[in-house]
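Please read the structure below before turning to the comments.
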Amino acid sequence: MKMRAQLFLGACALILAASVGSSLAADGGLPKLKEKKTYKVGFSQTESNNPWRLAETESVKQEAAKRGWQLVYTDAAGSAAKQVADVNSMIAQQVDVILLAPREEKPLVPAVMAAKKAGIPVILLDRRVDPVAKPGRDYLTFIGSDFVEEGKRAADWLAKATNGKATIIELEGTTGSSPANDRHAGFAEELKKYPDMKVVASQSGDFARDKGRQVAETLLQAHPDATAIYAHNDEMALGAIAALEAAGKKPGKDVTVVSIDGEKDGVQAIVDGKMGCSVECNPRLGAKAFAAIEAYAKGETIPEWIKSDDHLFDSSNAAANLASAY
Ligand code: GZL
């Protein structure tokens with residue numbers, strides 16, 4: 001009898017250790033990914049409201065099709081709350097790995113942690129979450145651009161174009177998103193080098209063309225002395241160009257416009273002399289994302305940041321890059 005009791009207790013201890021062990025692993029370490037022929041990949045897109053988003057989604061879908069991997073795609077239509085629900089539904093569908101383009105930094109942290117707890121590795125695509133979540137511990141890696149650097153490059157280009165003298169209106173991206181936060185910070189940091197360049201107003205146009213037009217209209221009325229507009233993306237820059245023309249001003253002559261993304265309409269605006277520059281932010285991240293999944297499953301070490309190499313488009317190279325722009 002005693003022996004059977006000991007065996008039973010021993011078995012309980014093993015089960016307990018295993019469950020604690022796996023949860024500790026989930027708390028302490030990144031979920032693993034078993035090597036398989038194909039994977040079931042979840043891609044949580046934040047919205048589809050502009051060419052950048054559409055190009056990103058296209059690159060992910062193309063790569064999944066090319067590899068014959070199953071893709072579970074969701075579109076949060078611009079709602080962080082819906083995006084959290086979308087990730088939870090992927091967890092319930094037991095995808096092997098999640099690609100997450102988080103709408104905003106803070107609200108999407110719980111989604112990252114829920115996936116980790118469920119033993120599903122997460123790759124952040126194109127935007128980051130709040131640094132409370134760590135790469136290599138809570139998610140595998142961030143694949144995307146250096147937004148701070150983009151802001152700095154836009155500021156430097158504008159300084160050269162205006163001989164370091166400008167009264168600037170800033171159109172910010174989606175409030176709380178890492179590109180908006182970092183493009184603002186990078187631009188402001190670089191502007192410290194140029195005492196005669198001042199941002200007189202800064203407001204969110206939510207990365208959208210019409211919202212960007214409306215905000216530009218309002219800010220131009222409040223600041224008729226503005227000589228430059230810095231937009232966090234081409235869609236808002238194109239909205240601002242429409243606002244300038246509606247106000248009888250000549251974009252590229254009366255007001256210098258600088259932006260980020262390098263979408264086709266933005267590069268075209270540079271060719272047309274209406275936009276000064278657009279710092280490229282490459283949306284075609286699908287190939288890098290799937291290569292990272294494959295490498296991780298093989299046991300390779302994945303860097304905490306797989307960085308996009310971004311160019312800068314201005315009158316010197318816009319025409320040559322128009323055909324390949326998205
Ligand atoms: C950048 C991406 C931004 C683009 C915008 O990685 O998150 O979101 O710059 C898009 O055009 O809406």
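The values are calculated or read from the model by the stated rules, or taken from the named source; none is laboratory data. For clarity, every value in this text was computed on a predicted model and none was experimentally measured. Virtual Cβ from ideal backbone geometry, glycine too; neighbours counted across all protein chains shown. What goes into the accessible areas is simple: the full protein's heavy atoms, side chains included, and nothing from ligands, DNA or RNA. Shrake-Rupley method; radii C 1.70, N 1.55, O 1.52, S 1.80 Å.
Quick check on segment 289-310. Is at least one of its residues part of a helix (DSSP H, G or I), within 16 Å of the ligand (Cβ to nearest atom), of a type in the set (A, V, I, L, M, F, W, C) and assigned by TED's automatic domain parsing to the domain that holds GLU172? Checking segment 289-310: not a single residue is part of a helix (DSSP H, G or I), within 16 Å of the ligand (Cβ to nearest atom), of a type in the set (A, V, I, L, M, F, W, C) and assigned by TED's automatic domain parsing to the domain that holds GLU172.
Tallying residues that are within 16 Å of the ligand (Cβ to nearest atom), of a type in the set (D, E, K, R) and touching a strand residue (DSSP E or B) at 6+ places or on another chain (Cβ under 8 Å) within segment 264-283 yields 1.
This table checks each residue for (1) within 21 Å of ALA295 (Cα to Cα); (2) touching a residue at least 12 places away in the same chain (Cβ under 8 Å).
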| site | (1), (2) |
| --- | --- |
| ALA65 | yes, no |
| ILE91 | no, yes |
| GLN94 | yes, yes |
| LEU99 | yes, yes |
| LYS106 | no, yes |
| LYS116 | yes, yes |
| PRO135 | yes, yes |
| LYS152 | no, yes |
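Of all residue pairs spaced 6 or more apart or on separate chains, those with beta-carbon atoms under 6 Å, a first member in segment 201-227 that is among the acidic types (Asp, Glu) and a second member that is at pLDDT 95 or above and away from the ligand (no atom under 16 Å from the Cβ) are GLU217/ALA243; ASP225/THR167. Give me the residue from segment 61-79 that is more than 14 Å from the chain's Cα centre (by Cα) and within 16 Å of the ligand (Cβ to nearest atom) and, out of that set, most open to solvent (accessible area, probe 1.4 Å). This residue is ALA77.
How many residues does segment 232-252 contain that are among the acidic types (Asp, Glu) and either open to solvent by 40 Å² or more (accessible area, probe 1.4 Å) or modelled with pLDDT under 95 (or both)? Going through segment 232-252 one residue at a time, the tally reaches 1. Are any residues in segment 162-186 under 15 Å from ALA226 (Cα atoms) and part of a helix (DSSP H, G or I), and if so, which ones? Correct list: empty.
The rows are residues; the columns are (1) at pLDDT 95 or above; (2) touching a helix residue (DSSP H, G or I) at 6+ places or on another chain (Cβ under 8 Å); (3) within 30 Å of GLU280 (Cβ to Cβ).
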| residue | (1), (2), (3) |
| --- | --- |
| VAL20 | no, no, no |
| VAL60 | yes, yes, yes |
| ALA64 | yes, yes, yes |
| LYS116 | yes, yes, no |
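Got a sec? Which of ALA133, ALA159, ALA114, ALA85 is surrounded by fewer than 23 Cβ atoms within 10 Å (Cβ to Cβ) and assigned by TED's automatic domain parsing to the domain that holds GLY276? Only one candidate passes the filter, namely ALA159.
Filter segment 279-301 down to residues that are surrounded by 19 or more Cβ atoms within 10 Å (Cβ to Cβ) and of a type outside the set (Gly, Ala, Ser), then give me how many there are.
To start, the set of residues in segment 279-301 that are surrounded by 19 or more Cβ atoms within 10 Å (Cβ to Cβ) comprises 279-283, 285-286, 288-290, 292-293, 296.
Going one step further and asking which of them are of a type outside the set (Gly, Ala, Ser), we end up with 279-283, 285, 288, 290, 293, 296.
Going through segment 279-301 one residue at a time, the tally reaches 10.
A single entry from ASP206, ASP225 fulfils the requirement of being open to solvent by 10 Å² or more (accessible area, probe 1.4 Å), touching an Asp or Glu at 6+ places or on another chain (Cβ under 9 Å) and either part of a loop (DSSP other than H, G, I, E, B) or in the same structural domain as GLY78 (by TED's automatic domain parsing) (or both): ASP206.
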